[in-house]
Amino acid sequence: MEFETEFSKVYLLCDCNNFFASCEKLFRPDLKHRPVAVLSNNDGVVVSRSYETKALGIAMGAPAFKIQDEIKKFQIQTFSSNFNLYLNISNRVMALLESFCKDLQIYSVDEAFLEFDNLTEQQAIDLAFKIKNAVLQQVGIHIGIGIAQTKTLAKLANHFAKQNRSTTHGVFCALKDPMRQKILLNNPIGEIWGIGKALEDKLTQDGFITAFDLSKADEKSIKKAYNINVVKTVKELNNKDCIDNVAQADNQAQIMWSRSFKDRLYDFEDLLQAVYEYTQESCSKLRAINCWAKQISVFIRTSYFGEQHKYSNIATLKLDHPSIDTRVFMSAAKILLLHIYKSGYAYNKVGVILSDFEQERAFQSDLFVKAPDQKKLDKDEKLMHTLDKLNKNEKHTLIIGAQTKIKAKEQECALKKLSPSYTSAWDELPEVN
């Protein structure tokens, strides 16, 4: 009698397909087989596409004004981004995933890693299809699942599953070596988790074309030519589990919140309100991943196009100790904006970046920096988490004194294609005739 091999560590990466577009279709049965595209803030560019829209050749990031002919010709249904709806559906998906696995690591609004011990290949595949079917039946969202012994390989397996839906049915298992080799050979270097564009270009120049090429690299040479994170990636591609928590991955090394404005901003106060808004959003995300940040950056710029004078700048401030307090980062953000703002320019983009993350609120005092009051920090952090709970379903339920409902009328005018908040507003519930 032949026994199946058990794998001591198994990761399932569950990734919602075309998530924003899928959420929009969820309450619109008439759109089941129609092309759908979700647009960014101010309905500027395409940020999510249904499979039907992808088949028409509409690219991710395509400016909406450039595809108006295609929208009319192919009757593409477009929507403004409805983040309240997407977050609510995401919470439902994640709660269901957690019922299968208590060790759930949420990576983004539409992705999560499930970690299991001692599963055979067949047990892992059966479990993946059980989870996939449950999410479809109970939430209504299609998901793809990649299975592997490391998170990086699970991401690649998930990508392969979604790219080959007709044969994989949305699930691909790379636990055994032939399947691992298959996804390595079929994925370019840029598809590897944590490989950004600049690093991709450098690796390609050095002869690493596919994930398979990188998996065969000498770790000592990689450490010398690149950094420890690339060494970890090489290890992960070879079934050596190196990423304990998804917050440690390169992709989570910073949180950025920014927006391009439909109408240009000239005044400092208008820019400041935008900075406050994005600082709040960034800090909320920071708390959601259970991290503390020690550094904040603020950037502003004018449009790259047109004949108006061009200007861009960025400034960074490092805190004395890691924080999750929105008020601390707002104060720092105002200082940074004052430093880089110049009057007389038509600004079209502003952004906030949080970085230098810590997994806990640790502080090492010295002769020059006074240690903070730990009891006060505990109280302040409880206040921040309360703020998040109150704003969970409806943004701006509670705001900080320095923060205003930035450009509310402008946003309402800009988001002309916003769908109803089916899941969080009583007066917007779907009606059955």
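The values are calculated or read from the model by the stated rules, or taken from the named source; none is laboratory data. Computed from a prediction, not measured in an experiment: that's the story for all the values here. A quick note on method: Cβ atoms are made from the backbone with ideal geometry, for glycine too, and the neighbour counts reach across all protein chains shown.
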Checklist entry - Hey, does segment 325-336 have a residue that's modelled with pLDDT of 80 or more and within 21 Å of LEU87 (Cα to Cα)? => result yes
Next on the checklist: Here is a check on your reading of the model: is LEU317 aliphatic (A, V, I, L, M) and not in a strand (DSSP E or B)?
Outcome noted: no
Checklist entry - Would you call LEU85 modelled with pLDDT of 95 or more and of a type outside the set (Phe, Trp, Tyr)? => result no
Item to check | Residue in segment 307-336 that is surrounded by the fewest Cβ atoms within 10 Å (Cβ to Cβ), counting only those that are small (Gly, Ala, Ser) and touching a residue at least 12 places away in the same chain (Cβ under 8 Å) | outcome: SER312
Next on the checklist: Filter segment 207-236 down to the residues that are surrounded by fewer than 16 Cβ atoms within 10 Å (Cβ to Cβ) and charged (D, E, K, R) and list them by number.
Outcome noted: LYS216, ASP218, GLU219, LYS220, LYS223, LYS224
Next on the checklist: Restricting to segment 170-206, name every residue that is closer than 27 Å to GLU4 by Cα, free of Cβ contacts under 8 Å to residues at least 40 places away in the same chain and surrounded by fewer than 22 Cβ atoms within 10 Å (Cβ to Cβ).
Outcome noted: ASP177, PRO178, MET179, GLN181, LYS182, LEU185, ASN186
Next on the checklist: Among the residues that make up segment 279-300, is at least one of them aliphatic (A, V, I, L, M), over 28 Å from ASP244 (Cβ atoms) and without any contact (Cβ under 8 Å) to a residue 24 or more places away in the chain?
Outcome noted: no
Item to check | Residue tally, condition of a type in the set (D, E, K, R) and either in the same structural domain as ASP43 (by TED's automatic domain parsing) or out of contact with any strand residue (DSSP E or B) (no Cβ under 8 Å at 6 or more places or on another chain) (or both), over segment 278-305 | outcome: 1
Item to check | Residue check, THR5 assigned by TED's automatic domain parsing to the domain that holds GLU121 and at pLDDT 95 or above | outcome: no
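Residue by residue, here is whether (1) within 18 Å of ASP244 (Cα to Cα); (2) of a type in the set (S, T, N, Q); (3) touching a helix residue (DSSP H, G or I) at 6+ places or on another chain (Cβ under 7 Å); (4) not in a loop (DSSP other than H, G, I, E, B) holds:
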{"position": "PHE116", "(1), (2), (3), (4)": "yes, no, no, yes"}
{"position": "GLN122", "(1), (2), (3), (4)": "no, yes, no, yes"}
{"position": "ILE125", "(1), (2), (3), (4)": "no, no, no, yes"}
{"position": "ALA128", "(1), (2), (3), (4)": "no, no, no, yes"}
{"position": "ILE131", "(1), (2), (3), (4)": "no, no, yes, yes"}
{"position": "ALA134", "(1), (2), (3), (4)": "no, no, yes, yes"}
{"position": "GLY140", "(1), (2), (3), (4)": "no, no, yes, no"}
{"position": "GLY144", "(1), (2), (3), (4)": "no, no, yes, yes"}
{"position": "ILE147", "(1), (2), (3), (4)": "yes, no, yes, yes"}
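A quick yes/no check of all residues on (1) among the hydrophobic types (A, V, I, L, M, F, W, C); (2) outside the structural domain of CYS291 (by TED's automatic domain parsing); (3) without any contact (Cβ under 8 Å) to a residue 60 or more places away in the chain:
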site	(1), (2), (3)
LEU39	yes, yes, no
ALA62	yes, yes, yes
GLN75	no, yes, yes
SER90	no, yes, no
Checklist entry - So THR279 fits all but one of (1) assigned to a helix (DSSP H, G or I); (2) among the hydroxyl-bearing types (Ser, Thr, Tyr); (3) at pLDDT below 85; what number is the exception? => result (3)
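Within segment 163-183, restricting attention to residues that are in a helix (DSSP H, G or I) and within 22 Å of TYR107 (Cα to Cα), which residue is modelled with the highest pLDDT?
The selected residue is ILE183.
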Checklist entry - Does ASN133 satisfy the criteria of being surrounded by fewer than 17 Cβ atoms within 10 Å (Cβ to Cβ) and either of a type outside the set (A, V, I, L, M, F, W, C) or modelled with pLDDT under 90 (or both)? => result yes
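For segment 168-185, how many residues meet the condition of being among the polar types (S, T, N, Q) and within 18 Å of GLN149 (Cα to Cα)?
Going through segment 168-185 one residue at a time, the tally reaches 1.
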Item to check | Residue selected from segment 131-143 under the condition in contact (Cβ under 8 Å) with a residue 12 or more places away in the chain and over 18 Å from PRO29 (Cα atoms), by the criterion farthest from the chain's Cα centre (by Cα) | outcome: ALA134
Checklist entry - Considering ILE58, ILE76, ILE71, which residue is in contact with a Leu (Cβ under 8 Å, 6 or more places away or on another chain) and surrounded by 17 or more Cβ atoms within 10 Å (Cβ to Cβ)? => result ILE76
Checklist outcome for this item: The correct count of residues that are assigned to a strand (DSSP E or B) and more than 18 Å from LEU418 (Cα to Cα) in segment 25-80 is 0
Checklist outcome for this item: Counting only residues in segment 15-36 that are hydrophobic (A, V, I, L, M, F, W, C) and in contact with a strand residue (DSSP E or B) (Cβ under 9 Å, 6 or more places away or on another chain), the one surrounded by the fewest Cβ atoms within 10 Å (Cβ to Cβ) is identified as LEU31
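I need the full set of residues from segment 88-99 which are closer than 15 Å to ASP15 by Cα and either at pLDDT 85 or above or crowded, with 17+ Cβ neighbours inside 10 Å (or both), in order please.
Answer for segment 88-99, where residues must be closer than 15 Å to ASP15 by Cα and either at pLDDT 85 or above or crowded, with 17+ Cβ neighbours inside 10 Å (or both): ILE89, SER90, ARG92, VAL93, MET94, ALA95, LEU96, LEU97, GLU98.
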